[in-house]
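In what follows, a structure is listed as structure tokens, so that the remarks can point back to it.
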Amino acid sequence: DAVGILILCLASAAAALDFKYHHSKELEEFLRGVHAAYPSLTHLHSIGRSVKGRDLWVLVLGRFPTHHKIGIPEFKYVANMHGDETVGREILLHLIDFLVTSYGRDPVITRLLNNTRIHIMPTMNPDGFEATKVPDCYYTPGRYNANGEDLNRNFPDAFEDNRASIQPETQAVMDWIKNETFVLSANLHGGALVASYTFDNGNPVTGSLKGYSRSPDDDVFIHLAKTYSSNHASMYKGTGCDNRQTFPEGITNGYSWYQLEGGMQDYNYVWGQCFEITLELSCCKYPPEDQLGKFWRDNKVALIEYIKQVHLGVKGQVTDKNGNPIPNAIVEAKGRPHVCPYRTNQQGEYFLLLLPGTYVINATVPGFKSMLKTVEIPDNTGNFSAVKQDFSFPEVSDKISSKVASCPKTPLYQELTRASAAVKPTVHLLVLMTVVLAILK
């Protein structure tokens, strides 16, 4: 009984979250309180430190919060990468509060957390937030990190050689992406009201000459952006923040809005195998805190519905003749070439976000004949599980070396003019050899 009372006390302390701005110390105290109250449902860790040494906290929520579990996709929300864009930082704290207090009570949230591993980073730029002494709706120097760098221009770019010096916060996120099997993500910003999607940069191959930079999964990205905007209180109206700028249905292709080099969402998609969109949640970048309650209510449903989309499409494992997983096998849908081929993780798993329909899924183990399977994909987001399609390679033994060179951090998108693995499986052997040669050089 005493233990039960203690847990209830900790839960109430964690749930007592006001609608106000939480500075670094308060934010850390809240996250530690939540983890203390819900130790089996959460995992709190820092993925690195800012320029000034502040922790970059991530709270992980799910039935297996401490580690990846086969078949359970990884999802993430990142906010406040521009330190003076503050709404996302606070609504993610309220999302955490809502998820932990609803688990076991709300059947939808319970199933969501049982079948999804959710990573929440309330602030990627704590130094910029703390440096914003005088909040402003439009701009403050707190946008940048302590080295004066814009973190959303700081990632490797798929179209240009981004010469920006990689910042500690950026490197921490890149390492985080590399170490997890993220499938879906969103980064939360302010200064507009729209859901923006990949690509942010482009070239003639992706359609930039026509003012739209189209990714191979453009249909999925449009769906993801519409999922958020249509479940938001007003984003779907597309009215924007002034009469000069409108966004039909509350969404936009990033490049169509404005060209951006070194953005995080393109990096996630190209090098992280993770579909990410950018959510602009408030016309005022740093609004008065008495408006935070309304921002939470406006975004609450959209935040949950968007997480569910991590269960779109198809997932599975690639194994050898003995049932052992094959890491770094290439698995892609026919007609959707990725310049960095999407590969299986160390458990031989793949996740492909695809809209309902019929697809040919191609699994390729370098040096062996590709395997093609036709898959009918329904909308399974309500069941919290993508369709499962495994591949077993009977001619592959567990002695195969699975070490494949990762994609180089240089511009790649001229490669889109070539055939994809899904159409001509052997072409990827040439691509992989090219990648290895590039790295050796």
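Brief remarks follow.
- Residues being in contact (Cβ under 8 Å) with a residue 60 or more places away in the chain and open to solvent by less than 10 Å² (accessible area, probe 1.4 Å) - total across region 343-352: 1
- On inspection, HIS45 fails the criterion of being part of a helix (DSSP H, G or I), open to solvent by 20 Å² or more (accessible area, probe 1.4 Å) and under 30 Å from GLN346 (Cα atoms).
- Subset of region 363-381 (residues that are surrounded by fewer than 23 Cβ atoms within 10 Å (Cβ to Cβ) and touching a Pro at 6+ places or on another chain (Cβ under 7 Å)): SER370, ILE377, PRO378, ASP379
- Close contacts from region 20-46, counting a first residue that is small (Gly, Ala, Ser) and a second that is at pLDDT 95 or above and open to solvent by 50 Å² or more (accessible area, probe 1.4 Å), with Cβ to Cβ under 9 Å and a gap of 6+ residues or different chains, come to SER24/ARG54; SER40/ARG63.
- Residue match in region 207-215 (condition: modelled with pLDDT under 95, among the hydroxyl-bearing types (Ser, Thr, Tyr) and either assigned by the TED database to the domain that holds PRO341 or part of a helix (DSSP H, G or I) (or both)): yes
- Selection of region 176-198 for residues being within 14 Å of the chain's Cα centre (by Cα), buried (at least 24 other Cβ atoms within 10 Å of the Cβ) and part of a loop (DSSP other than H, G, I, E, B) yields only THR198.
- Inside region 138-151, residues that are open to solvent by 10 Å² or more (accessible area, probe 1.4 Å) and outside any loop (DSSP other than H, G, I, E, B) make up a count of 2.
- Residue list for region 48-91, restricted to those being open to solvent by 20 Å² or more (accessible area, probe 1.4 Å) and aromatic (Phe, Trp, Tyr): TRP57, PHE64
- Among the candidates PRO122, PRO107, PRO135, PRO156, the residue that is within 17 Å of the chain's Cα centre (by Cα) and open to solvent by 10 Å² or more (accessible area, probe 1.4 Å) is uniquely PRO156.
The values are calculated or read from the model by the stated rules, or taken from the named source; none is laboratory data. Keep in mind that what you see is a predicted model, and the values were worked out from it rather than measured. Cβ coordinates were reconstructed from backbone atoms using ideal geometry, including for glycine residues, and neighbour counts include every protein chain displayed. Surface accessibility is based on the protein's heavy atoms, side chains included, excluding ligands, DNA and RNA. Shrake-Rupley method; radii C 1.70, N 1.55, O 1.52, S 1.80 Å.
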